[in-house]
1. Scan region 262-281 residue by residue and report those that are touching a strand residue (DSSP E or B) at 6+ places or on another chain (Cβ under 9 Å) and either part of a loop (DSSP other than H, G, I, E, B) or modelled with pLDDT of 95 or more (or both).
2. Would you check if V184 is free of Cβ contacts under 8 Å to residues at least 60 places away in the same chain, surrounded by 14 or more Cβ atoms within 10 Å (Cβ to Cβ) and among the aliphatic types (A, V, I, L, M)?
3. Quick check on region 143-150. Is at least one of its residues in a loop (DSSP other than H, G, I, E, B) and over 39 Å from the mean Cα position of the chain (by Cα)?
4. Is there a residue in region 125-141 that is surrounded by 14 or more Cβ atoms within 10 Å (Cβ to Cβ), modelled with pLDDT of 90 or more and within 28 Å of S241 (Cα to Cα)?
5. Please name all residue pairs, on different chains or six or more residues apart, with Cβ atoms under 8 Å, provided the first residue is in region 268-279 and is in contact (Cβ under 8 Å) with a residue 12 or more places away in the chain and more than 12 Å from F112 (Cβ to Cβ) and the second residue is among the small types (G, A, S) and crowded, with 16+ Cβ neighbours inside 10 Å.
6. Inspect region 244-256 for any residue being more than 18 Å from the chain's Cα centre (by Cα), crowded, with 16+ Cβ neighbours inside 10 Å and not in a strand (DSSP E or B) and give the result as yes or no.
7. Touching a residue at least 60 places away in the same chain (Cβ under 8 Å), over 25 Å from A181 (Cβ atoms) and crowded, with 18+ Cβ neighbours inside 10 Å, is that true of L240?
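The values are calculated or read from the model by the stated rules, or taken from the named source; none is laboratory data. The structure presented is a predicted model; accordingly, all values stated were derived computationally and were not measured. Counting neighbours? That spans all protein chains shown, and the Cβs are built from the backbone with ideal geometry, glycine included.
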Amino acid sequence: MNPEEVENSTKPAAYDPEGRPLYYHPPVDIPAPVQAEPAQQKVRSHITTRPDKIEGHNFNPQIRAQYANEPDTVHAHRPIEPEKREISEGLMQRYRESKEKYPHLNLSEGEFVILDIKRHPIGTLMPIIVTCALLMAIFVFGSFYPSLYDAAAGTIMPSIPAMFGILLLISALVVLGGAVALWVYLQNQFFMTNESVIQEVQDSLFMRREQAVSLGSIEDASFKQNGILQTVLDYGTIRLSTEGQETTYVFRYVAHPKKQIATLNNAIEAFKNGRPVDPFED
């Protein structure tokens, strides 16, 4: 502010209608409003493993810049291999016995078989009855064939020895088919371990599959018996339903299904509550 402006500011520059003096004031420089800088969005970390070195130029520049922009981020070190759980000697003994008895099962360390559920023998009656019925029909036809051959003299029919050979071959095929049907039926098995349920399904002679589900994933386990025959002979069907996937595992012709389901439900409850899964433990 120069001297003239100071002097003019002390003298009235004019008067209002009421006779009050008006003074002159020099223009004042009003600073421009300061705009606040936008808050920077906090960068979230996507690093899951700790690098070998943090100092030095051999450290990845992108990761180093991310560390510099994230002073409040804690980067935890995650081991590549999970820590091995401690397994008691008794548990390992059960595991070794199960591996020796069931070498075809894929058991993890410390896992052992609690239940080995096989199908009820009632299921073998159907292939046996069908095989016997076919053999009986072949025998009856072979018994009457000589009479049919003599009555149809002059027609084109296989000789009696040739027909007996054909019937013998057919009988062998029928017996073989019945044996395969029995073998397929008996190969279907159901296992419960202290960790999971394993079902081996033999659909045919050359078609086999395995279904396994953890005890913790089983939502519902039930059994069903239909009719007088299943009730009297005490066999039925076991059903397992899993959580989320809505998958149902079915095992038919199970002997003593009520007892098996009770053992299975106790094992599922113990597994989910963190208790040892061994219903036969003293």
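1. Scanning region 262-281 gives V277, D278, P279, F280.
2. Working: free of Cβ contacts under 8 Å to residues at least 60 places away in the same chain: yes; surrounded by 14 or more Cβ atoms within 10 Å (Cβ to Cβ): yes; among the aliphatic types (A, V, I, L, M): yes.
Here the answer is yes, as V184 does meet what is asked.
3. Quick first cut of region 143-150, residues in a loop (DSSP other than H, G, I, E, B) only: none.
Checking region 143-150: not a single residue is in a loop (DSSP other than H, G, I, E, B) and over 39 Å from the mean Cα position of the chain (by Cα).
4. Residues of region 125-141 surrounded by 14 or more Cβ atoms within 10 Å (Cβ to Cβ): 127, 130-131, 134-135, 138.
Right, trim to modelled with pLDDT of 90 or more and you get 127, 130-131, 134-135, 138.
So of that shortlist, the ones also within 28 Å of S241 (Cα to Cα) come out as none.
Taking every residue of region 125-141 in turn, none turns out to be surrounded by 14 or more Cβ atoms within 10 Å (Cβ to Cβ), modelled with pLDDT of 90 or more and within 28 Å of S241 (Cα to Cα).
5. So the pair list comes out as I268/A221; P279/A267.
6. The answer is no, given that none of the residues of region 244-256 is more than 18 Å from the chain's Cα centre (by Cα), crowded, with 16+ Cβ neighbours inside 10 Å and not in a strand (DSSP E or B).
7. Details: touching a residue at least 60 places away in the same chain (Cβ under 8 Å): no; over 25 Å from A181 (Cβ atoms): yes; crowded, with 18+ Cβ neighbours inside 10 Å: yes.
The answer is no for L240.
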